[in-house]
Amino acid sequence: MHALSIPTWIIHISSVLEWMAAIWLIWTYAEVSQNRAWRSLSLGMLPALVSAMCACTWHFFDNVAALEWLVTLQAAMTVVGNFTLCLAGWWIWRASRKGDVVTPLDSE
């Protein structure tokens, strides 16, 4: 665990926790708003979360060469995550254009 300083560890861990909270909050918003398209954003965020966890794991074990495959997995998950987030954004946009979006104001 000597690869990173304590402040850097705090940033890494808090970023992962914030990302997890964001996934949960977006999923909750999808349920409350009854707009399933927002679930795609939550699911699209998962590869980026895996990427962050790969980085934290590799650093936790002092960047040992035996775990260098985590760097490759992190890079791959970043690319996949960028694609899934883009796709989720498109999905939400498409749903809003079709009128599939039910907002809390519509129910009043």
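The values are calculated or read from the model by the stated rules, or taken from the named source; none is laboratory data. Remember, predicted model here, so these are calculated numbers, not experimental data. Because the Cβ atoms are built from the backbone with ideal geometry, glycine has one as well, and the counts that use them run over all protein chains shown. These area figures cover heavy atoms from the full protein model, side chains too; ligands, DNA and RNA do not enter into them. Shrake-Rupley method; radii C 1.70, N 1.55, O 1.52, S 1.80 Å.
Taking the Cβ-Cβ separation of H2 and T28 as r and a Förster radius of 30 Å, what is the calculated FRET efficiency to the nearest 0.05?
In this case the efficiency is close to 0.20.
Which residue fluctuates the most in the chain, going by a Gaussian network model with Cα springs under 10 Å, if the choices are I11, I92, I26?
In the Gaussian network model the winner is I11.
In region 1-98, which chymotrypsin sites (Phe, Trp or Tyr not before Pro) fall in coil by DSSP and have 14 or fewer other Cβ atoms within 10 Å?
Taking region 1-98 and a limit of 14 other Cβ atoms within 10 Å, the loop chymotrypsin sites (Phe, Trp or Tyr not before Pro) found are F61.
Which one of M20, M45, F83 is farthest out on the positive end of the charge dipole of the chain, using unit charges on Cβ (Lys, Arg +1; Asp, Glu -1) and the Cα centre as origin?
The one lying farthest along the dipole's positive direction is F83.
Just to confirm, what accessible area per residue do you get for the chain at 1.4 Å probe, in whole Å²?
67 Å²
Could you tell me what % of all Cα pairs in the chain have separations over 17 Å?
61 percent
Using +1 at the C-beta of Lys and Arg and -1 at the C-beta of Asp and Glu, which of H59, A30, T8 has the Cα lying farthest in the positive direction of the dipole of the chain?
Of the listed residues, the answer is A30.
Taking only Cα atoms and a 10 Å spring cutoff, compute GNM fluctuations for the chain and point out the largest among G89, G81, G44.
Fluctuation is largest for G89.
About the Cα centre of the chain, how large is the charge dipole given +1 on each Lys and Arg Cβ and -1 on each Asp and Glu Cβ? Please answer in debye to the nearest 20.
For the chain, the charge dipole is close to 340 debye.
Can you give the angle from 0 to 90° between the axis of helix 69-98 and the longest principal axis of the chain, with both taken from C-alpha atoms, to the nearest 10?
Helix 69-98 sits roughly 10 degrees off the main axis of the chain.
Computed FRET efficiency, Cβ-Cβ of W69 and L43, R0 25 Å: what is it to the nearest 0.05?
That gives a FRET efficiency of 0.50.
Choose one answer from V50, V80, V32: the residue with the largest mean-square fluctuation in a GNM of the chain with alpha-carbon springs under 10 Å.
Maximum fluctuation in the GNM of the chain, among the listed residues, is at V32.
State the percentage of accessible surface on the chain attributable to carbon and sulfur atoms; use a 1.4 Å probe and exclude ligands, DNA and RNA.
71 percent
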